[in-house]
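**Q** One structure, pasted below without further comment.
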Amino acid sequence: MEKEIIFQHEGQQLFGHVSKVDHSKGWVIFAHGSGSSRKSSRNNWVAKKLNQNGFSTLLIDLLTKGEDDIYKNRFDIPLLSKRLLAATDWLIHSPYYDQTPIAYFGASTGAAAALEAIAEAHDSYPLFAIISRGGRPDLASEEALGNVLLPTLLIVGSRDDEVIRLNESAKSYLFDAKLVLVPGATHLFEESGALEEVVKLASNWLDTHLGHKEFPMANP
């Protein structure tokens, strides 16, 4: 089942795309990077592959069109993380949610937003893992990074030297993190086979850390 959705948060309309699979092993909520959206070709391709591997997905625009036109908003990590938590709350109380565990998949600045959101959420939501693709976890505060207790997979291209350094720095603050370099890949993973490797790494991480966990929350 695929559906375009709209939900309200603090007077703003946010748009998303839900793909719910039968007998889902869990949900993956995508937090896009700066200048990207739910229509990101890379994230949509990854989401489709995760659907094929048994995971439902939610791709959400964390900024409105007008907000995204203001460049600095793309780096407003507190705003993005607040919107990501709002999207998580929306999903859990939607008719699509099936009591399965949730993971965040963050790209670029979206990774920092995901980490900040998890640090803020604590045990409020059934969040069990986080994946960062070419992420900027360094943009999350050191306090937030220290409060992320979920297993975190940091995927970076082996030729993305500056982002490797930034991920290594952020990793030192995380409780349970693994940094994996995709051979030959640059920041956007445009090289042949690079995104396929991202999907393989992400699927294995999700299978390991989501498993068959359940979160007994009744829908209203």
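The values are calculated or read from the model by the stated rules, or taken from the named source; none is laboratory data. A quick note: this is a predicted structure, and the numbers were derived from the prediction, not measured. Heads up, the Cβs are rebuilt from the backbone with ideal geometry, glycines too, and the neighbour counts pull from every protein chain shown.
**Q** Regarding Ser203, is this residue closer than 22 Å to Ser24 by Cα and surrounded by fewer than 21 Cβ atoms within 10 Å (Cβ to Cβ)?
**A** So Ser203 fits the description; yes.
Residue-by-condition table, conditions (1) of a type in the set (D, E, K, R); (2) assigned to a strand (DSSP E or B); (3) crowded, with 18+ Cβ neighbours inside 10 Å:
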residue: Phe15; (1), (2), (3): no, yes, no
residue: Val18; (1), (2), (3): no, yes, yes
residue: His23; (1), (2), (3): no, no, no
residue: Trp27; (1), (2), (3): no, yes, yes
residue: Phe30; (1), (2), (3): no, yes, yes
residue: Lys39; (1), (2), (3): yes, no, no
residue: Asn44; (1), (2), (3): no, no, no
residue: Lys48; (1), (2), (3): yes, no, no
residue: Thr57; (1), (2), (3): no, yes, yes
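**Q** Does any residue of segment 36-53 turn out to be hydrophobic (A, V, I, L, M, F, W, C), modelled with pLDDT of 90 or more and under 18 Å from Pro126 (Cα atoms)? First the steps, then the outcome.
**A** Looking only at segment 36-53, we keep the residues that are hydrophobic (A, V, I, L, M, F, W, C), and these are 45-47, 50.
Remaining after also requiring modelled with pLDDT of 90 or more: 45-47, 50.
Then keep just the ones that are under 18 Å from Pro126 (Cα atoms); that gives none.
No, the conditions are met nowhere in segment 36-53.
**Q** Output the residues belonging to segment 77-112 that are of a type outside the set (A, V, I, L, M) and without any contact (Cβ under 8 Å) to a residue 60 or more places away in the chain. Show your work before the answer.
**A** Pass one, segment 77-112, residues of a type outside the set (A, V, I, L, M): 78, 81-83, 88-90, 93-101, 104-106, 108-110.
Pro78, Ser81, Lys82, Thr88, Asp89, listed by residue number.
**Q** May I pose another question? So in segment 131-147, with the set limited to residues that are of a type in the set (Gly, Ala, Ser) and crowded, with 24+ Cβ neighbours inside 10 Å, which one is farthest from Leu80 (Cα to Cα)?
**A** Filtering first and then ranking leaves Gly134.
**Q** Of all residues in segment 183-213, how many are polar (S, T, N, Q) and farther than 24 Å from Ser56 by Cβ? Walk me through how you get there before you give the answer.
**A** Within segment 183-213, the first condition is being polar (S, T, N, Q), and the residues that meet it are 186, 192, 203-204, 208.
Still in the list and also farther than 24 Å from Ser56 by Cβ: 186, 192.
Going through segment 183-213 one residue at a time, the tally reaches 2.
**Q** Still on this structure: So which residues in segment 148-166 are of a type in the set (S, T, N, Q) and surrounded by fewer than 24 Cβ atoms within 10 Å (Cβ to Cβ)? Steps first, answer last, please.
**A** Step one: of segment 148-166, the residues of a type in the set (S, T, N, Q) are 152, 158.
Ser158, the sole residue that qualifies.
**Q** Would you check which residues across segment 61-97 are modelled with pLDDT under 95 and part of a loop (DSSP other than H, G, I, E, B) and list them?
**A** Of everything in segment 61-97, those that are modelled with pLDDT under 95 and part of a loop (DSSP other than H, G, I, E, B) turn out to be Asp61, Leu62, Leu63, Thr64, Asp69, Ile70, Asp76.
**Q** Give the residues of segment 195-220 that are at pLDDT 70 or above and more than 15 Å from the chain's Cα centre (by Cα), sorted by residue number. Give the derivation first.
**A** Just the residues of segment 195-220 that are at pLDDT 70 or above, to begin with: 195-211.
Within segment 195-220, Leu195, Glu196, Glu197, Lys200, Asn204, Asp207, Thr208, Gly211 meet the criteria.
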